[in-house]
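Here's the structure, in structure tokens; my notes come after.
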Amino acid sequence: MSTTLLLLGILYFVQGIPYGLQSSLLPVYLRTVGLSFTKISLTKALYFPWTLKVVWAPFVDQYGTKQRWLLISMCGLAMCCLLCASLSPESDFQLVAAVFLFMNFFASVQDVAVDGLAVRILRYEEVGYGNTVQVVGYKIGSVLAGGGLLTVMDLLGWTFIFFLLTGIYLVAIIYASSEFGNTSVNQPCGGKKPSRTLNPMTIVKDFIAVPATTWTVIFVLIYKLGEFIFYYFSHECQIKSGIYAIKLYGIV
């Protein structure tokens, strides 16, 4: 595997961690410590920064370098994990929720930056491999942070797990920083510098002008809605039926 694909794989891996934590580990853990279904349901609102990603995506894409945004976002995620390690969901539910809200914000920023980085550093013949690395890296990060950590939650505990995640982010930051110095990412594809605009109407028009955008948006919305309904209700039903962390790993 080339160093470019390895770099992208690591970046997509750590990008998948927050989703795995919130979609799989957090709701199960909160229920096992006795929190109500109402509070657990409210945690779904913490995904809201992803809805607003369209607001800051143009700024991330057009100002600064992708390396800088990636380092900022990963440092933010490391800090969020460190804060979670010092909190207890049972007694600090609101603070934990606030930290996860910021975690989703930093993850959404990282999503914009790493996709922009991939577009600029992948050669034409590497695009297919890059897409594979994107999907596989993200899914592995999500599954290990969700089902993987969930199965050892009783053994390691909340605090140790988030210290471990902090260490993973720090390793990713160090590795990415060293590779950024050896990778040319500042020139846009084709060598042409894109025009800068933060005008929402211009951005929307450019987006809609891309062929098949409407059908792609409809397809993605339907897919994500079905995925959300399946994961959320399956987890809640399993917990309510008395299926806990270790048994859930094989399902998650």
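For Leu11, are the conditions met, namely being aliphatic (A, V, I, L, M) and at pLDDT below 90? For Leu11, the condition - aliphatic (A, V, I, L, M) and at pLDDT below 90 - is not met. Within region 150-176, being open to solvent by less than 20 Å² (accessible area, probe 1.4 Å) and not small (Gly, Ala, Ser) holds for Leu150, Met153, Trp158, Ile161, Phe162, Leu165, Thr166, Tyr169. Within region 64-114, the residues that satisfy the criterion of being farther than 20 Å from Ile10 by Cβ and hydroxyl-bearing (Ser, Thr, Tyr) are Ser86, Ser88, Ser91. For region 26-47, state whether one or more residues are touching a Gly at 6+ places or on another chain (Cβ under 6 Å) and either more than 27 Å from Gly116 (Cα to Cα) or hydrophobic (A, V, I, L, M, F, W, C) (or both). No, because not a single residue in region 26-47 is touching a Gly at 6+ places or on another chain (Cβ under 6 Å) and either more than 27 Å from Gly116 (Cα to Cα) or hydrophobic (A, V, I, L, M, F, W, C) (or both).
Checking each residue in region 35-51 for being of a type in the set (Ser, Thr, Tyr) and open to solvent by 60 Å² or more (accessible area, probe 1.4 Å) picks out Thr38, Thr51.
Is it the case that region 84-98 has a residue that's buried (at least 21 other Cβ atoms within 10 Å of the Cβ), without any contact (Cβ under 8 Å) to a residue 24 or more places away in the chain and not acidic (Asp, Glu)? Within region 84-98, one or more residues are buried (at least 21 other Cβ atoms within 10 Å of the Cβ), without any contact (Cβ under 8 Å) to a residue 24 or more places away in the chain and not acidic (Asp, Glu).
Would you pick out the residues in region 52-83 that are of a type in the set (D, E, K, R) and either outside any helix (DSSP H, G or I) or crowded, with 21+ Cβ neighbours inside 10 Å (or both)? If the condition is that a residue be of a type in the set (D, E, K, R) and either outside any helix (DSSP H, G or I) or crowded, with 21+ Cβ neighbours inside 10 Å (or both), then Lys66 is the only one that fits. Cβ-Cβ distances below 6 Å connect the following pairs, each with a first residue in region 115-126 that is buried (at least 19 other Cβ atoms within 10 Å of the Cβ), a second residue that is among the acidic types (Asp, Glu) and in a helix (DSSP H, G or I), and a separation of six or more residues or different chains: Gly116/Asp61. Scanning region 14-34 for residues that are of a type in the set (A, V, I, L, M, F, W, C) and either open to solvent by 20 Å² or more (accessible area, probe 1.4 Å) or modelled with pLDDT of 85 or more (or both) yields a count of 4. Residue pairs whose Cβ atoms lie under 6 Å apart, separated by 6 or more positions or on different chains, with the first residue in region 69-82 and in contact (Cβ under 8 Å) with a residue 12 or more places away in the chain and the second open to solvent by 50 Å² or more (accessible area, probe 1.4 Å), are Ala78/Leu170; Cys80/Phe102. All of Ala97, Ala107, Ala45 fail the test of being in a helix (DSSP H, G or I), small (Gly, Ala, Ser) and touching a Pro at 6+ places or on another chain (Cβ under 6 Å), apart from Ala107. Just one of (1) closer than 23 Å to Tyr129 by Cβ; (2) in a loop (DSSP other than H, G, I, E, B) fails for Leu5. It is (2).
Select, from Gln22, Gln62, Gln67, the only residue that is among the polar types (S, T, N, Q) and more than 20 Å from Ala172 (Cβ to Cβ). Being among the polar types (S, T, N, Q) and more than 20 Å from Ala172 (Cβ to Cβ) holds for just one of Gln22, Gln62, Gln67, which is Gln62.
The values are calculated or read from the model by the stated rules, or taken from the named source; none is laboratory data. These numbers come from a predicted model, not from an experiment. Cβ sites come from the backbone with ideal geometry, for glycine too, and all protein chains shown count toward neighbours. All accessible areas refer to the heavy atoms of the entire protein, side chains included, with ligands and DNA or RNA removed. Shrake-Rupley method; radii C 1.70, N 1.55, O 1.52, S 1.80 Å.
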